[in-house]
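Note sheet for the following structure.
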Amino acid sequence: MKCSARLTNSFIGEWEVYVVTGGMTLDWPEHSFERTTPIPTLQERADALAKLGYRVADDATWEWQEIPSGVMDRVELLASVDVQPIGGAV
């Protein structure tokens, strides 16, 4: 079962990663890095995903987008990558 993980600096500007597991719920597994800078490294993201029970899918790469927020020309960054549960379905 592949899911998508998202890394974002939205809301108060702190970095967080969460896994979109589907369904009608927004109660997705999430991890806050509790900082605004620097952007979490690939290893930090992998470690956070592992704590949530996921790993980056084979041959998947992080894809970045800029999302204008309209507030003082602030841009929110969003990265996404395909992930898989560690050791089978979660």
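The values are calculated or read from the model by the stated rules, or taken from the named source; none is laboratory data. Everything numeric in this text was worked out from a predicted model, so none of it was measured. Note: ideal-geometry Cβ built from the backbone for every residue, glycine included; neighbour counts use all protein chains shown. SASA here: full protein model, heavy atoms, side chains in, ligands and nucleic acids out. Shrake-Rupley method; radii C 1.70, N 1.55, O 1.52, S 1.80 Å.
Within the listed set Thr25, Thr61, Thr37, the Gaussian network model of the chain (springs between alpha-carbon atoms below 10 Å) gives the highest mean-square fluctuation for Thr25.
Taking 0.36 nm per residue of separation and subtracting the Cα-Cα distance, full extension of the segment from Ser32 to Asp59 would add 7.2 nm.
Mind pulling up the Rg/Rh value for the chain? Radius of gyration and Kirkwood radius, both on Cα. Reported Rg/Rh, Kirkwood definition of Rh: 0.97. The calculated 222 nm mean residue ellipticity attributable to helices in the chain amounts to -3500 deg cm²/dmol, summing -39500 (n - 2.57) over DSSP H runs of n ≥ 4 and dividing by all residues.
Surface composition of the stretch 1-67: carbon and sulfur atoms hold 51% of the protein heavy-atom accessible area at a 1.4 Å probe. Per residue, the accessible area of the chain comes to 65 Å² when a 1.4 Å probe rolls over the protein heavy atoms. Taking the chain as a Gaussian network of alpha-carbon nodes connected by springs under 10 Å, the highest mean-square fluctuation of the residues Val17, Val56, Val75 belongs to Val75. Here is the list for the stretch 1-64: trypsin sites (Lys or Arg not before Pro) lying in DSSP coil, each with at most 12 other C-beta atoms within 10 angstrom of its C-beta, are Lys2, Arg35.
The GNM of the chain, with springs linking C-alpha atoms under 10 angstrom apart, assigns the highest mean-square fluctuation among Ile12, Ile39, Ile67 to Ile12. Relative to the longest principal axis of the C-alpha atoms of the chain, give the angle of the C-alpha long axis of helix 42-51, reported between 0 and 90° and rounded to the nearest 10°. Helix 42-51 and the main axis of the chain meet at about 50 degrees.
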